[in-house]
Each structure stands twice: as structure tokens, then as C-alpha cells.
Amino acid sequence: MAKVLSGWKARRYSGALLQAAIKANEVERIEAEVKALAEMLNRSPQLVKFLAQPLVPFSEKSQRLKQRLKGRVSPVTLNFLLTVVKNKRIEAFEHIVKVFIDLVREYRGEVLAEVTSAVPLTDEERAMTVQRLQEITGKKILLSEKVDPNIVGGMRIIVGDKLLDLSLKGHLERIRERLRQVFVAAPAEVTIAETTFNDPQKNEKGKKDGAL
């Protein structure tokens, strides 16, 4: 399932599911169920192909799903899946679920922070990072950690669509870019600097030679 819906379409489906889950007072259960369904469909490409087949009547697809999922998921979850199949969006189901999970986090006042560090965080570093991010965002932080030795030191944090690069590699890249701007964009300033830092003895000799 590699298809991705446009933002408003995915949000329309996931938003309707969230409202139904809230109304049924089953947000946590339905969140877990749709995650499990997305994983099941990822492991069952033949089932996805069957559900996406335009020549197969929807009634047949519906019967197959009801038989397979009866008693295993809530009516809200089953109806949601059937709606996605009926509207020929089953290949985008995983994407819709991801948007739904984001909406659930918004509903709970949570935000995912993806932290990449050169070495695994200690318990103290993890607690300090969560506390600081919660102070900044005013939301409950869900931490996702990844180790990447290439960033050398420090950490890189992504919260929503914002990037906070505190890595040594990022710092060195910013210095390198700044130097490039100075030496490429302002050659006149460099020439002045070179003149200013010429050998004073050589300058003095030049003055004497000029005097002669």
C-alpha cells in the first residue's frame, strides 16, 4: 500500500473516524485496531489486491472482511474499513491511519519528538530533553529515539515540522556555510583583510623604498 492521499482527503477520512471514536468513547481501542489492520494489510498484499479489484463487487469484499474480522474489531473500526474499501481507497489505508494517529495525538495534547543522537541517550538526558520540549511546546512529549554516529555529537530534534539541529556536524556545517558566504560573496572584504594582515616589516620596507 504505497498510495498517498492529498492532505485534505486523508484528513477527511481520519477526522470522521476520530469523531466516531470519540462518540463511542473508544479512542484508544480504535487507535490500536486500525494500527493492527494496517499491519495486517501490509502482510497480506493478495488481500489488498482483492479489495482493490474493481471487477469484484463490493458486497463480496464486504462479506470477506466481515467473516475475517467478526468479533475481532469494534463496529466503528469495521465500518471505517468498509467505507475505505467502498470508496476505492484501500491502497491508501496506511496513510489514512498515520493521519488518524496524528489527529489522536492532537486530541490528547500530545506531540511526537524524533530525537537523533550520536550515542544512546542516558536516562538523565532523556528526562531533561522531554522536560525541556514540554516547556517549549506546552504539550505532552512522545519521544522517538534514533542513534546515528554520523552526526558526531549532540542531537537533532524534529518536533512536528520544526527541526532543531544541536549536532556537532550541524554546527560545523553552519560554520562552513558561513565561511563560504564570506569568501565567495564578499571578495573585496577578503582583499582588505589580506592587506591589513600583511607583514608589517614588509610594509615598512616598502615605505622606505618609496621614500628613496
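The values are calculated or read from the model by the stated rules, or taken from the named source; none is laboratory data. From a predicted model like this one, the values you see are computed outputs, not experimental measurements. Every residue, glycine among them, receives a Cβ derived from its backbone with ideal geometry; neighbour counts consider all protein chains shown.
The table below gives the values:
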| read-out | value |
| --- | --- |
| Looking only at region 109-134, and only at residues there that are in a helix (DSSP H, G or I) and either touching a residue at least 60 places away in the same chain (Cβ under 8 Å) or among the polar types (S, T, N, Q) (or both), the one that is surrounded by the fewest Cβ atoms within 10 Å (Cβ to Cβ) | Q131 |
| Checklist (1) under 16 Å from the mean Cα position of the chain (by Cα); (2) surrounded by 16 or more Cβ atoms within 10 Å (Cβ to Cβ); (3) free of Cβ contacts under 8 Å to residues at least 24 places away in the same chain applied to L103, failing item | (3) |
| Test result for L17, surrounded by 19 or more Cβ atoms within 10 Å (Cβ to Cβ), at pLDDT 95 or above, farther than 30 Å from G138 by Cα and not assigned by TED's automatic domain parsing to the domain that holds G138 | no |
| The listed residue being farther than 24 Å from G15 by Cα, over 20 Å from the mean Cα position of the chain (by Cα) and hydroxyl-bearing (S, T, Y), out of S144, S117, S59, S74 | S59 |
| Tally of residues being without any contact (Cβ under 8 Å) to a residue 60 or more places away in the chain and either under 11 Å from L81 (Cβ atoms) or of a type in the set (S, T, N, Q) (or both) across region 12-29 | 2 |
| Any hit, region 25-33, residues being under 30 Å from K140 (Cα atoms), surrounded by 15 or more Cβ atoms within 10 Å (Cβ to Cβ) and in the same structural domain as K139 (by TED's automatic domain parsing) | no |
| Some residue of region 61-68 being among the polar types (S, T, N, Q), in contact with a helix residue (DSSP H, G or I) (Cβ under 7 Å, 6 or more places away or on another chain), more than 22 Å from V104 (Cα to Cα) and surrounded by 15 or more Cβ atoms within 10 Å (Cβ to Cβ) | yes |
